[in-house]
Amino acid sequence: MMWKILNNWWHCQISWQNLCWVLPATLGRHLACKYLEIGSDLPGPPSAIAEYKKTEHGAPSADATTFYPLDLTTDTLALKKAIRLLEGAYHQLSSILALPQHTVMNFVLNYNWACIGVALRSRLADVLDQHPEGPSVNKLAEAVNLDKAKTERVLRVLTLMSCFKEGLSLKHVVRNARSHSQDISQFARVVYETMIDEEFSRSHRKEGMKGNYYELIKDDEEKRDDFHRAMLDQSNMMGTFAVLHHYPWDDISSVVDVGSGIGAFSPPMARMFPHLRITDQDLPEVMVRAQNAWEKNAPEALLDGRVKFIPINFLEDAPVLGKDVYYLKHIIHNWPDAEATTFRNIRKAVGPCSRVLIRETNGLSVAPEPMLPNFGAGSHTTYQTDLTMWFALNCKERTLEELNIVGQGCRWSSTLL
């Protein structure tokens, strides 16, 4: 067997019209037609195909081994909404027509996370990257010191999810997911035990642990590097850069990226809006790495003096004073309510015309009937991210109402973008 990396594995395409003939009953045809009706007016598969046609390349092939033009664009908001509708509709139709036993068994027999953990921890993708022609499974298993037969079984499971194929496989997502596989899956395995523990099951506090996650990885170079790379890739995966196209950046002159990391968001912003004066703020050791990342990704901004790197512990200190926009990308979800002090500290820094721009995962949109109001499986990432924050940090994704509660002591008013 030959295995290669599939860069655009998430672009598996399904013909929307084909839903009519894959459903074996009149009910299925009726429901499929209902979804086709809403698809004509709302974001859905027709809209997804239209987004690809805008690139003048059409829809991608499932077997492509290079990035597709749309993969590297910054504004994928319309496509993400269309895919959410497609995923939600497909899974809802499946759950309606399948026997209940079948649906439950699919929940129970789900070891994809364990298999991707094997692929990530053994760095199978690194070997594949060195052999673009696709090594045999014998050669691949030997390179990572794993049993050939067991390695092949793992690869076959991941093939079902279009992560791997005979002759094709995956690179980009492996880099993004590695730290998640190593850490979060270990917590997920014992979630039931933590929920029935007599001493801690009702607690939302951390016990027996000093410091926070970032302090724990401070001296672990491998975990620290994995985390920062994951944040870079997550920005692409989560559609973070869409805000660059949907906020009036031309009307402001200064931005503070609070908890910037090594620069997942602000370098693209600097390239798109060269008039902006940007301040990146994070822990001192992170700021050192950030300067190196900027030298690689946006050296012109450094040469022009358009970016500053100012260390901060945003849980204790206020950011730089009087800037136009204070941007927080996936910051608030890292902290329980009692420890989410960032709002209070930013309040000390803002001027009368300042704005705080918050990018968080939030299920605010309502799906059209007959879909589930929350888009069902189309909101998979939102709910799985919430569990990730629970398992890893004892935190959560917040609704707009919950964000308002966190910020209510700081006299903030919220506006949706």
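The values are calculated or read from the model by the stated rules, or taken from the named source; none is laboratory data. Keep in mind the model is a prediction, meaning the values are calculated, not measured. Cβ placement follows ideal geometry from the backbone for every residue including glycine, while neighbour counts extend to all protein chains displayed.
Matching residues to (1) charged (D, E, K, R); (2) within 21 Å of G239 (Cα to Cα):
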| site | (1), (2) |
| --- | --- |
| T341 | no, no |
| I346 | no, no |
| A367 | no, yes |
| A377 | no, yes |
| T381 | no, yes |
| W390 | no, no |
| N394 | no, no |
| R398 | yes, yes |
| N404 | no, no |
> Taking only pairs six or more apart or across chains, which ones have beta-carbon atoms under 8 Å, a first residue in the range 149-171 that is buried (at least 16 other Cβ atoms within 10 Å of the Cβ), and a second residue that is of a type in the set (D, E, K, R) and modelled with pLDDT of 70 or more?
Replying inline: K171/D129
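Residue-by-condition table, conditions (1) loosely packed, with under 15 Cβ neighbours inside 10 Å; (2) more than 27 Å from the chain's Cα centre (by Cα); (3) of a type in the set (K, R):
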| residue | (1), (2), (3) |
| --- | --- |
| A301 | no, no, no |
| I312 | no, no, no |
| D317 | yes, yes, no |
| G322 | yes, yes, no |
| Y327 | no, no, no |
| H330 | no, no, no |
| D337 | yes, no, no |
| T342 | no, no, no |
| P352 | yes, yes, no |
>> Show me the helices (runs of 4 or more DSSP H) found entirely inside the range 337-417 where at least 1 residues are modelled with pLDDT of 80 or more and touching a strand residue (DSSP E or B) at 6+ places or on another chain (Cβ under 8 Å).
In response: 342-347, 400-407
> Does the range 182-192 contain at least one residue that is surrounded by 14 or more Cβ atoms within 10 Å (Cβ to Cβ), at pLDDT below 70 and in contact with a Cys (Cβ under 8 Å, 6 or more places away or on another chain)?
Replying inline: no
> If you scan the range 72-111, which residues turn out to be closer than 25 Å to E369 by Cα, in contact (Cβ under 8 Å) with a residue 60 or more places away in the chain and outside any helix (DSSP H, G or I)?
Replying inline: T76
> Taking the range 30-78, which residues are within 27 Å of L97 (Cβ to Cβ), modelled with pLDDT of 75 or more and in contact with a helix residue (DSSP H, G or I) (Cβ under 7 Å, 6 or more places away or on another chain)?
Replying inline: S47, A48, A59
>> Within the range 146-164, take every residue that is part of a loop (DSSP other than H, G, I, E, B) and closer than 22 Å to Q186 by Cβ and give me the one that is modelled with the highest pLDDT.
In response: L146
>> Within the range 116-131, does at least one residue satisfy the condition of being at pLDDT below 80 and either in a helix (DSSP H, G or I) or under 22 Å from the mean Cα position of the chain (by Cα) (or both)?
In response: no
